[in-house]
Amino acid sequence: MMKSVSAWKQELSSGAHAARLAALYCCAPDETPAQAARYEAVLNGLDATFGPHAEAGLYSAPGRTEIGGNHTDHQHGRVLAGSVNIDMIAAAAPNTLNQLRVQSEGYDLCVIGLDDLAARKEEENTTLSLLRGECEAFRQRGAKLAGLDVYISSNVPKGSGVSSSAAFEVLIGVILNDCFMTDKVSPIEIAQIGQWAENVYFGKPCGLMDQMASSVGNIITIDFADPAHPDVEPVAVDFSKAGLALCILDSCADHADLTDEYAAVPAECRAVAAVCGGEVLRDVPFETFLAKLPECRKQCGDRAVLRAFHIYADNDRVAKQVAALREGDFDTFLRLVNESGHSSWEYLQNVIPAGYKEHQEMGVTIAAAKHYLNGKGAVRVHGGGFAGTAQAFVPVEMLADFKAHMEAILGEGRCHVLSIRPEGGAVLRSLPPSSSS
């Protein structure tokens, strides 16, 4: 949705988009000037980086929180997830170079030519690979790609388990969809494109939950039994009305150099499934897995077997969590969150990387959170694990003290109090001529 840069700036500074921003960031309209300033800043960054542009579009993709189903997605299982009110935003404008040029604040400029979109081995594990992969995916769907300049700013902490990578993939997908697709693809397909680029071009065997939660938005439960056509259902819930605050705790540990740890989880689960005659664990009845347990232990090792136990149990827990939320049974929901956390640590073993002794930041974060919750609420490892974040549901009357205690341990700003965002990847639309709000 391209529009004059000067018109965007005038509308943003006058508060014309306050209602839209209030919906995206879960706040009152009079609390949106700081968000409007972020969009003005990316417009300024676009022109400062690439030179003046007559028109531009504005875009957003949120971070996500995984609420249920830890590592179940890559085994074609169930998950419960939601988008949150921190995001990655961008201004995009045409160029005449037949290049996609992307500048993210704090990072090197990325440039790819649009006449050669084949995967490159030397680009694996780089942003260039994701950009090239997404462009190729859209080209295959009929996009008439042309030169584009993109300037990105983010308040989704990198490496913090709120999935800045998925937000980036969804943001690029939203931009390409808006600019180059006559027949727009769905939020679900934008998520699938991001996963494909990450799997095939970036070289990381990720699941689809992160991209789906960021792209679709709100709280959703997803069944990946047929990953090409995932079953996505909304789950209406307001944690604040239940007296709960959603906190994401940054353990201060980074995901860097942990790709092998993440890759081992799906690889070991698939190895167990193969022994049992399936491709992934969802293909294998639990009773078959139990019957084949000695063979699985011999061929795959005990860690792989324990990880399979977690996948089966957490997959069942998601359905129970969804039922509890729909019935307003938050006591059961919190119990299930805690059970998932225990299972992830004990069976899935994605809290502390193998062999780590001095650095066990995630373990310390969870232990401290449990201490200060003192049997109330719930806490669990969040997302991929090993580093990044823990998730806590905190009774609102305990929130101020909990936040102060956790930040005394982790550092100021490491306890993020978030809200569920009602929309996923978003285009900031132009206002109709008569509109003033």
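The values are calculated or read from the model by the stated rules, or taken from the named source; none is laboratory data. Owing to the predicted nature of the structure, the values given are computational and were not obtained by experimental measurement. No Cβ is skipped: glycine too gets one built from the backbone with ideal geometry, and neighbour counts run over all protein chains shown. The protein model used for the area step is the full one, side chains on, heavy atoms only, and it has no ligands, DNA or RNA in it. Shrake-Rupley method; radii C 1.70, N 1.55, O 1.52, S 1.80 Å.
Evaluate the following for residue 362: is it farther than 21 Å from residue 259 by Cα and part of a helix (DSSP H, G or I)? No; evaluated as a whole, the condition is false for this residue.
When the stretch 373-399 is filtered for residues that are more than 17 Å from residue 335 (Cα to Cα), open to solvent by less than 80 Å² (accessible area, probe 1.4 Å) and modelled with pLDDT of 95 or more, the ones remaining, listed by number, are 396, 398, 399. If you go through the stretch 1-22 and pick out every residue that is within 20 Å of residue 152 (Cβ to Cβ), open to solvent by 40 Å² or more (accessible area, probe 1.4 Å), of a type outside the set (Lys, Arg) and in a helix (DSSP H, G or I), you end up with 0. Within the stretch 38-62, residues that are of a type in the set (Gly, Ala, Ser) and in a helix (DSSP H, G or I) reach no partner that is buried (at least 21 other Cβ atoms within 10 Å of the Cβ) and at pLDDT below 95 with beta carbons closer than 9 Å at six or more positions or on different chains.
Among the numbered conditions (1) part of a helix (DSSP H, G or I); (2) crowded, with 23+ Cβ neighbours inside 10 Å, the only one that residue 339 does not meet is (2).
Would you please name the residue that is surrounded by the fewest Cβ atoms within 10 Å (Cβ to Cβ), looking only at residues in the stretch 404-420 that are out of contact with any Gly (no Cβ under 9 Å at 6 or more places or on another chain) and over 21 Å from residue 254 (Cα atoms)? Reasoning before the result, please.
Just the residues of the stretch 404-420 that are out of contact with any Gly (no Cβ under 9 Å at 6 or more places or on another chain), to begin with: 404-406, 408-417, 419.
Subset that is over 21 Å from residue 254 (Cα atoms): 404-405, 419.
Details: 404: 11, 405: 16, 419: 18.
Among those that are out of contact with any Gly (no Cβ under 9 Å at 6 or more places or on another chain) and over 21 Å from residue 254 (Cα atoms), it is 404.
Taking every residue in the stretch 274-297 that is under 24 Å from residue 206 (Cα atoms) and pairing it with any residue that is of a type in the set (Asp, Glu), at least 6 positions away or on another chain, the pairs with Cβ-Cβ distances below 6 Å are 275/295. Scan the stretch 171-220 for residues that are β-branched (Val, Ile, Thr), more than 18 Å from residue 145 (Cβ to Cβ) and open to solvent by less than 20 Å² (accessible area, probe 1.4 Å) and the total you get is 2.
Can you work out which of the residues in the stretch 265-314 that are assigned to a helix (DSSP H, G or I) and touching a His at 6+ places or on another chain (Cβ under 6 Å) is surrounded by the most Cβ atoms within 10 Å (Cβ to Cβ)?
Initially, the stretch 265-314 is screened for residues assigned to a helix (DSSP H, G or I), giving 265-275, 281-283, 286-291, 293-300, 302-314.
Add one more test, that the residue is touching a His at 6+ places or on another chain (Cβ under 6 Å), and what stays is 265-266, 282.
Details: 265: 26, 266: 20, 282: 23.
Top of the filtered list is 265.
Pairs linking a residue in the stretch 216-227 that is touching a residue at least 24 places away in the same chain (Cβ under 8 Å) and farther than 13 Å from residue 187 by Cα to a residue that is open to solvent by 20 Å² or more (accessible area, probe 1.4 Å) and among the acidic types (Asp, Glu), with Cβ atoms under 6 Å and 6 or more positions apart or on different chains, are 221/233; 223/231; 224/73.
Could you list, in sequence order, the residues of the stretch 65-95 that are open to solvent by 10 Å² or more (accessible area, probe 1.4 Å) and in a strand (DSSP E or B)? First the steps, then the outcome.
Filtering the stretch 65-95 down to residues open to solvent by 10 Å² or more (accessible area, probe 1.4 Å) leaves 71, 73-74, 76, 78, 85-86, 88, 94-95.
Those that are open to solvent by 10 Å² or more (accessible area, probe 1.4 Å) and in a strand (DSSP E or B): 78, 85, 86, 88, 94.
Criterion applied to 25, 107 was being over 18 Å from the mean Cα position of the chain (by Cα) and either crowded, with 16+ Cβ neighbours inside 10 Å or within 24 Å of residue 424 (Cβ to Cβ) (or both), and the one residue passing it is 107. Based on what the data block shows, is residue 429 in contact with an Asp or Glu (Cβ under 7 Å, 6 or more places away or on another chain), open to solvent by 30 Å² or more (accessible area, probe 1.4 Å) and either of a type outside the set (D, E, K, R) or touching a residue at least 12 places away in the same chain (Cβ under 8 Å) (or both)? Considered against the rule, which asks whether it is in contact with an Asp or Glu (Cβ under 7 Å, 6 or more places away or on another chain), open to solvent by 30 Å² or more (accessible area, probe 1.4 Å) and either of a type outside the set (D, E, K, R) or touching a residue at least 12 places away in the same chain (Cβ under 8 Å) (or both), residue 429 comes out as no. Hey, any hits in the stretch 324-335 for a residue that's within 28 Å of residue 261 (Cα to Cα) and either acidic (Asp, Glu) or touching a helix residue (DSSP H, G or I) at 6+ places or on another chain (Cβ under 8 Å) (or both)? Scanning the stretch 324-335, I find no residue that is within 28 Å of residue 261 (Cα to Cα) and either acidic (Asp, Glu) or touching a helix residue (DSSP H, G or I) at 6+ places or on another chain (Cβ under 8 Å) (or both), so the answer is no.
Count of the stretch 236-264 residues, restricted to those that are within 30 Å of residue 218 (Cβ to Cβ), outside any loop (DSSP other than H, G, I, E, B) and open to solvent by 60 Å² or more (accessible area, probe 1.4 Å), is 2. On the given criteria, is residue 328 open to solvent by 10 Å² or more (accessible area, probe 1.4 Å) and under 23 Å from residue 238 (Cα atoms)? Yes, satisfied. Might you let me know whether the stretch 136-150 holds any residue that is in contact with a His (Cβ under 6 Å, 6 or more places away or on another chain) and in contact (Cβ under 8 Å) with a residue 60 or more places away in the chain? No, the stretch 136-150 has no match at all. For the stretch 222-235, which positions are under 20 Å from the mean Cα position of the chain (by Cα), open to solvent by 20 Å² or more (accessible area, probe 1.4 Å) and not hydrophobic (A, V, I, L, M, F, W, C)? Residues satisfying the conditions are 223, 227, 229, 231, 233, 234.
Among the residues of the stretch 66-96, those that are of a type outside the set (A, V, I, L, M, F, W, C) and either free of Cβ contacts under 8 Å to residues at least 24 places away in the same chain or out of contact with any Ser or Thr (no Cβ under 9 Å at 6 or more places or on another chain) (or both) comprise 72, 73, 74, 75, 76, 77, 94, 95, 96.
Set side by side, the residues 165, 83, 160, 153 differ, and just one is at pLDDT 95 or above, over 26 Å from residue 182 (Cβ atoms) and out of contact with any Leu (no Cβ under 7 Å at 6 or more places or on another chain), which is 153.
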